[in-house]
1. Would you compute, from DSSP H runs of 4+ residues alone, the mean residue ellipticity of the chain at 222 nm, taking -39500 (n - 2.57) per run and dividing by the full residue count, rounded to the nearest 500?
2. Quick one: with all protein chains in place, what share of the accessible area of the chain is carbon or sulfur, to the nearest percent (1.4 Å probe)?
3. Using a Debye calculation, one point per C-alpha and no hydration shell, please list log10 I(q)/I(0) for the range 6-80 at q = 0.11, 0.12, 0.28 Å⁻¹ in order.
4. Which aspartates and glutamates does Lys33 reach when only Cα atoms under 18 Å apart count, and residues fewer than 8 places away in its own chain are ignored?
5. Compute the signed sum of charges (Lys and Arg +1, Asp and Glu -1) over the other residues within less than 11 Å, Cβ to Cβ, of Met1.
6. Might you tell me the accessible area per residue for the chain, computed with a 1.4 Å probe and given in Å²?
7. Tally Lys and Arg at +1 and Asp and Glu at -1 over the other residues with C-beta under 12 Å from the C-beta of Ala80: what net charge comes out?
8. Quote the FRET efficiency, to the nearest 0.05, computed for Glu51 versus Lys76 with a Förster distance R0 of 25 Å and r equal to the Cβ-Cβ distance.
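The values are calculated or read from the model by the stated rules, or taken from the named source; none is laboratory data. Predicted model only: the values in this text are computed from it and were never measured. FYI the Cβ positions are ideal-geometry reconstructions off the backbone, even for glycines, and counts take in every protein chain you see. Accessible surface areas use protein heavy atoms only, side chains included; no ligands, DNA or RNA. Shrake-Rupley method; radii C 1.70, N 1.55, O 1.52, S 1.80 Å.
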Amino acid sequence: MKDAKDLISKWDTIAKFAEAAGQPYERACQWHKRNCIAPEHFPAVIEASKEKGLLGVNCEFLHRIRSEELARRRSKAEAA
């Protein structure tokens with residue numbers, strides 16, 4: 001998996017991901033739209049991923065993809 005969108009897409013729908021992670025649908029939509037998951041929600045996402053049988057979804061992975069997305073945004077803003 002390369003980013004938050006890719007992770008969320010492992011579920012058939014965003015709604016199914018939201019339910020699995022115990023999060024409101026709108027929050028999951030925002031994560032997908034922003035391609036970024038806030039650290040306080042990592043435990044729920046990790047647990048949902050484990051239940052789905054996804055390997056490698058842990059705090060380190062989630063921090064890495066979050067950092068990469070935030071760096072991409074900064075770079076894009078600086079270029080504008």
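1. On the way: 5 runs with 55 residues, N = 80.
So the helix-based figure for the chain works out to -21000 deg cm²/dmol.
2. Carbon plus sulfur share of accessible area: 50 percent.
3. For the requested q values the scattering log ratios are -0.28, -0.33, -1.42.
4. Asp3, Asp6, Asp12, Glu19, Glu68, Glu69
5. Neighbour charge sum, excluding Met1 itself: +2.
6. On the way: 5040 Å² over 80 residues.
Counting only protein heavy atoms, the per-residue value for the chain is 63 Å².
7. Counting the neighbours of Ala80, the net charge comes to +2.
8. For R0 = 25 Å, the calculated efficiency reads 0.15.
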